[in-house]
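The values are calculated or read from the model by the stated rules, or taken from the named source; none is laboratory data. Note that the structure is a prediction, hence the values are computed from the model and not measured. Backbone-built Cβ (ideal geometry, glycine too); neighbour counts: all protein chains shown. Surface accessibility is based on the protein's heavy atoms, side chains included, excluding ligands, DNA and RNA. Shrake-Rupley method; radii C 1.70, N 1.55, O 1.52, S 1.80 Å.
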Amino acid sequence: MFNSVALNPVRRIDLLGKPLSKGPIAVILAIIIIGSIAGYLFYTNYVQGTMTLTITDPAQAQYGNSQQYDPSITHINVAFSQFQVHVAGQGDSSGWQTIKISPQTIDMTSVLMLSQVLGKVPLPAGKYDILRFNVTTVTVSFSGKPSVMYTVPSGSLKVPVTNGGFQITAASSVTVQLTLSFNNNEILAMNGYLTPVATAKVVA
């Protein structure tokens, strides 16, 4: 006959060599799990990503002309201020978040073939689908003529970002390009008002 041998279960011991009960082990595991969840939530909600906003006036010939703007137009200085982004899925009255881009004036004739950075700003993680900003004045300079000042109806532009918007995740970086074009005939009419065409898209 074979003698039966009782197998002793493996005992967990602490640093002092004393057996650990299941209670402390469960508490330690719970602390680790809670800490991991808290760390993840902190990282995703409080570690921000970055949005770089650029602007360009895409080169395109106006109807009946071989170039975008009349040769007599030398500068189109646009004053921008109060930039905001809209959180996707939120209402129009509550979903806006102000972004810290300084008021500035851009000569649109200088960005016909390239883009210029308006600002690089931190954004909380989330999805954003619309840009909104003010155009306070547009001043157009002409060769051999006095400059003319224009306004944009309502003074504000709301521009949806193509393809449903852009996603910001913790520590990510997104570049959004804003395009803004003016009507050549409206400028030459010199009636004091301009209705620009604006679009926005993710380029990087």
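Of the numbered criteria (1) outside any loop (DSSP other than H, G, I, E, B); (2) under 30 Å from residue 185 (Cβ atoms); (3) open to solvent by 40 Å² or more (accessible area, probe 1.4 Å); (4) touching a helix residue (DSSP H, G or I) at 6+ places or on another chain (Cβ under 9 Å), the one residue 105 fails is (4). Can you tell me which residue in region 192-203 is surrounded by the most Cβ atoms within 10 Å (Cβ to Cβ), limited to those that are touching a residue at least 60 places away in the same chain (Cβ under 8 Å) and under 16 Å from residue 120 (Cα atoms)? Restricting to residues being touching a residue at least 60 places away in the same chain (Cβ under 8 Å) and under 16 Å from residue 120 (Cα atoms), the top hit is 200. Beta carbons closer than 6 Å, at least 6 apart along the sequence or on distinct chains, pair a first residue in region 176-191 that is over 17 Å from residue 54 (Cα atoms) with a second that is open to solvent by less than 10 Å² (accessible area, probe 1.4 Å) for 182/194; 186/194; 187/140. Scanning region 154-183 for residues that are farther than 24 Å from residue 100 by Cα and open to solvent by 50 Å² or more (accessible area, probe 1.4 Å) returns 163, 183. Checking the stated criteria, residue 9 turns out not to satisfy the condition of being touching a Lys or Arg at 6+ places or on another chain (Cβ under 9 Å) and modelled with pLDDT under 60.
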